[in-house]
Amino acid sequence: MGRDKALLPFGSVPVAAHIAAQVEQIASAVFFVGSPELYGHLGYPVLPDLHPGYGPVGAIATALASTKTAWNFVLACDMPGIRADMLHELADAAVKHGACCAYPVSTDGREHPLCGVYHASTRSIFEAAVTEGEHRLLRVVARLNPYVLEVNDPEQFRNVNTPEEWEAIAARTDR
């Protein structure tokens, strides 16, 4: 992308703040994992990553080590189409199916564990993965026997990796 995706302008706010506002509609607390210097101005608490270099696996381990709630939404900072109703559906599915995590799969079979709900009990699995040197999130979540919810609207969890993708999503997404 050439710049920090979390800070891309999305309407009048950075995309990370937009995503946090969606989560805030259904969660008791919202925080970011990352650099307080970079993200502190967004209006949410920022936890320094306890496992730098481990990407999403380390960030999720950090979040779960810091949470005070049983269920926790985990979202990448580059999914501007996310909606609170879909997150609520994920949480309901996890509880209904007795899973310790749930995340969407698109109709093409792509799994999206960076748009999920994770029970605090999964902390030990993420911490073990860091200890083992496992960086691949799909390998870690496979250990959790997740509930994978098919979602017909993949625009909700489409992430952006290039300026062209950003422009296309920003043009299509209702702000």
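Points to keep in mind about this one:
- Residues being of a type in the set (A, V, I, L, M) and under 18 Å from residue 67 (Cβ atoms) - total across the stretch 11-50: 11
- Which numbered condition residue 126 misses (of (1) surrounded by 15 or more Cβ atoms within 10 Å (Cβ to Cβ); (2) at pLDDT below 95; (3) in a helix (DSSP H, G or I)): (2)
- Positions within the stretch 25-58 being out of contact with any helix residue (DSSP H, G or I) (no Cβ under 9 Å at 6 or more places or on another chain) and touching a residue at least 24 places away in the same chain (Cβ under 8 Å), in sequence order: 28, 29
- For the criterion of being part of a strand (DSSP E or B), within 16 Å of the chain's Cα centre (by Cα) and not basic (Lys, Arg), residue 116 passes.
- Within the set 46, 13, 33, the sole residue that is of a type outside the set (Asp, Glu), under 21 Å from residue 159 (Cα atoms) and touching a strand residue (DSSP E or B) at 6+ places or on another chain (Cβ under 7 Å) turns out to be 33.
- In the stretch 60-69, residue farthest from residue 119 (Cα to Cα) [restricted to those that are more than 10 Å from the chain's Cα centre (by Cα) and modelled with pLDDT of 95 or more]: 62
- Where a residue in the stretch 141-164 is surrounded by 12 or more Cβ atoms within 10 Å (Cβ to Cβ) and its partner, wherever it lies, is among the basic types (Lys, Arg) and outside any helix (DSSP H, G or I), with Cβ under 9 Å and at least six apart: 153/83; 154/110; 156/83; 163/3
The values are calculated or read from the model by the stated rules, or taken from the named source; none is laboratory data. Since the model is a prediction, treat every value here as computed from it, not as a measurement. Note that we place each Cβ from the backbone using ideal geometry, even for glycine, and neighbour counts take in every protein chain shown.
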